[in-house]
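Read the structure below first, then the notes.
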């Protein structure tokens, strides 16, 4: 549900969403999100691309910067070695870089603890033509096998406030033909559209 107030105007709309996390062997998860309004035209709403990773200092063995290769021995390549990154409170510190095609780039910092992820922007970069956007928080939680999330933003001269939230169901599309937004919207919430 998109729910945002700008002065006296209140925008409230239902939308569908497809989120994907993938891994390519590097020390981060690839992230993408595509949303569309649940209107007759299934109007595209927004897309995001990014990377989520455990927050840690990169070591000489890690690849980068640029195309510089790392060593043959990758650090933190076992569950046991990753556990050494857990904080005394039982959480893992994380970073998420999220890019928007409208000229906004967000760097989030936060933590994952059990089924909950809390993120807050550490930095927001905007191109000269982007709309005013200065901060955000995101909350994710796994509840009864569904991904619930809430996103608060400070934008268009407004303080940090509720912006959108959703409840998503996991689908396994491996080996299945790619569905159009219309097919996913027709399939409803159990297909991960809301």
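Here, each number is a calculation from the coordinates, and none is a lab measurement. Values in this document were obtained by computation on a predicted structure and should not be read as measured data. Note that each Cβ is placed from the backbone with ideal geometry, even for glycine, and that neighbours are counted across all protein chains shown.
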>> Bin width 10 Å, origin at 0, all Cα-Cα pairs of region 62-148: what percent of pairs per bin?
In response: 15, 29, 35, 19, 2
> In which sequence would 113, 131 go, from the one with the fewest C-beta neighbours within 10 Å to the one with the most?
Replying inline: 131, 113
>> Given the -39500 (n - 2.57) contribution per DSSP H run of 4+ residues, what per-residue ellipticity at 222 nm results for the chain, rounded to the nearest 500 deg cm²/dmol?
In response: -1500 deg cm²/dmol
>> Contact order normalised by length for the chain, with contacts defined as Cα pairs under 8 Å and 6 or more residues apart; what percent is it?
In response: 15 percent
> What label, among [x] 17.4, 65; [y] 16.0, 50; [z] 18.3, 58, belongs to Rg and Dmax of the Cα atoms in Å computed from the structure on display?
Replying inline: [z]
> If the viscosity is 1.306 mPa s and the temperature 10 °C, what translational diffusion coefficient in µm²/s does Stokes-Einstein give for region 1-88 when Rh comes from Kirkwood over Cα pairs?
Replying inline: 95 µm²/s
> Across 10 Å bins from the origin, how do the percents of Cα pairs in region 29-78 run, short distances first?
Replying inline: 20, 32, 20, 15, 12, 1
>> Please check: in the Gaussian network model of the chain (C-alpha springs, under 10 Å), which one of 41, 17, 97 has the largest mean-square fluctuation.
In response: 41
> In which sequence would 137, 57, 35, 162 go, from the one with the fewest C-beta neighbours within 10 Å to the one with the most?
Replying inline: 57, 162, 137, 35
> Of 58, 119, 147, which is the most mobile in a GNM of the chain whose springs link Cα atoms less than 10 angstrom apart?
Replying inline: 58
